[in-house]
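Presented below is the structure to which this report refers.
The values are calculated or read from the model by the stated rules, or taken from the named source; none is laboratory data. Computed from a predicted structure; not experimentally measured. Note that each Cβ is placed from the backbone with ideal geometry, even for glycine, and that neighbours are counted across all protein chains shown.
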Amino acid sequence: MKAVINNISKSFENPDGTIFNALRSISLTISEGEFVAVVGRSGCGKSTLLNIVAGLLSATHGEVVFEDLASDDRPLTSVVFQDLALFPWRTVNKNITYGLEEQKVSSGKQDQRAEELIQLVGLEGFEAHYPHQLSGGMKQRAAIARALAVNPELLLMDEPFSALDAQIRMDMQIELSRIYETTGQSFLYITHYIPEAVFLADRVVVMGGRPGTIQSIVSIDLPRPREEKVKVSPEFVEYLDRIWSEVRGKSQEFGADP
Ligand SMILES: Nc1ncnc2c1ncn2[C@@H]1O[C@H](COP(=O)(O)OP(=O)(O)OP(=O)(O)O)[C@@H](O)[C@H]1O
Ligand SMILES: [Mg+2]
């Protein structure tokens, strides 16, 4: 699979009828098994881009093409959002199998897949719990398992950990990198938080400006499996520094651009 984002622009119509340009000329290819993170300041169009890739919003210009698909049965994408996470009336297990039910997968296969995923995300013993009986981190684990269950070509995540406290957030980053390294799943991952992007990604896309454009793309050449101690390495700090200065550079332009 290769997800080709080809020259996407997006305009919205404001309530007063004027046009707001949110994205301009975004081109990016996400390769099979690649983890691409997108950073950029609030309002630069990250979620708009993700929603276009998910097919939840249409682009004003350009297109997203999925090439070299392994099979026609796999859904192209599934999404994990920050808050719109789980069905409160379903147990963890039933949340995970939701997409499989929709696909009319046999109940034996559903159970098997749910069991694998429960193990993968570390929710053993919580299969029969309802979302309100889980901590924030556990809810996000369940949401990730639900998104993985349908085996999407590309998993989309929009700030999935931003509601979690700092310690849980770090634990979840480690979990997610392990999930990525185990599954070989392709990811497009949006975050405000630069250290998270560097820790998780193969490439970090820096967006900025108004309308939002891709300002630069930084390949993260850190060893895998990623371990927490990499965060104190000079290479890691250098990446942070470089990406920070890219984000800052564009935000100065923000002030100058009416
Ligand atoms: N439906 C809409 N109608 C009009 N404007 C919109 C709409 N959706 C988004 N926008 C505008 O497009 C711009 C980009 O929004 P978007 O939500 O993509 O930003 P973001 O980078 O995800 O921000 P954040 O980091 O705060 O989540 C914002 O200025 C926003 O006001
Ligand atoms: Mg957003």
Could you run through the range 12-44 and say how many residues are within 11 Å of ligand 2 (Cβ to nearest atom) and hydroxyl-bearing (Ser, Thr, Tyr)? 1
Would you call Gly137 under 20 Å from Glu115 (Cα atoms), in the same structural domain as Val53 (by TED's automatic domain parsing) and touching a residue at least 12 places away in the same chain (Cβ under 8 Å)? no
Hey, could you check the range 128-179 for residues that are touching a Lys or Arg at 6+ places or on another chain (Cβ under 7 Å) and more than 30 Å from Asp68 (Cβ to Cβ) and say which is nearest to ligand 1 (Cβ to nearest atom)? Phe161
Can you confirm whether Ser9 is within 16 Å of ligand 1 (Cβ to nearest atom), among the hydroxyl-bearing types (Ser, Thr, Tyr), assigned to a strand (DSSP E or B) and over 16 Å from the mean Cα position of the chain (by Cα)? yes
Among the residues of the range 66-84, what is the count of those that are free of Cβ contacts under 8 Å to residues at least 60 places away in the same chain and either more than 14 Å from Gln103 (Cβ to Cβ) or touching a Ser or Thr at 6+ places or on another chain (Cβ under 6 Å) (or both)? 1
What is the number of the single condition among (1) hydrophobic (A, V, I, L, M, F, W, C); (2) at pLDDT below 95; (3) away from ligand 1 (no atom under 16 Å from the Cβ) that Val92 does not meet? (2)
Tell me, which residue of the range 45-70 that is among the hydroxyl-bearing types (Ser, Thr, Tyr) and within 13 Å of ligand 2 (Cβ to nearest atom) is surrounded by the fewest Cβ atoms within 10 Å (Cβ to Cβ)? Ser47
Might you check whether a residue that is surrounded by fewer than 21 Cβ atoms within 10 Å (Cβ to Cβ) and either within 25 Å of Ile220 (Cα to Cα) or among the polar types (S, T, N, Q) (or both) occurs anywhere in the range 136-147? no
Give the residues of the range 146-164 that are more than 16 Å from ligand 2 (Cβ to nearest atom) and assigned to a strand (DSSP E or B), sorted by residue number. Leu154, Leu155
Quick test for you: out of Leu57, Leu76, Leu84, Leu50, pick the one residue that is away from ligand 1 (no atom under 16 Å from the Cβ), of a type outside the set (D, E, K, R) and either at pLDDT 95 or above or more than 14 Å from Leu148 (Cβ to Cβ) (or both). Leu76
Please tell me if Leu154 is within 24 Å of Lys46 (Cα to Cα) and surrounded by 20 or more Cβ atoms within 10 Å (Cβ to Cβ). yes
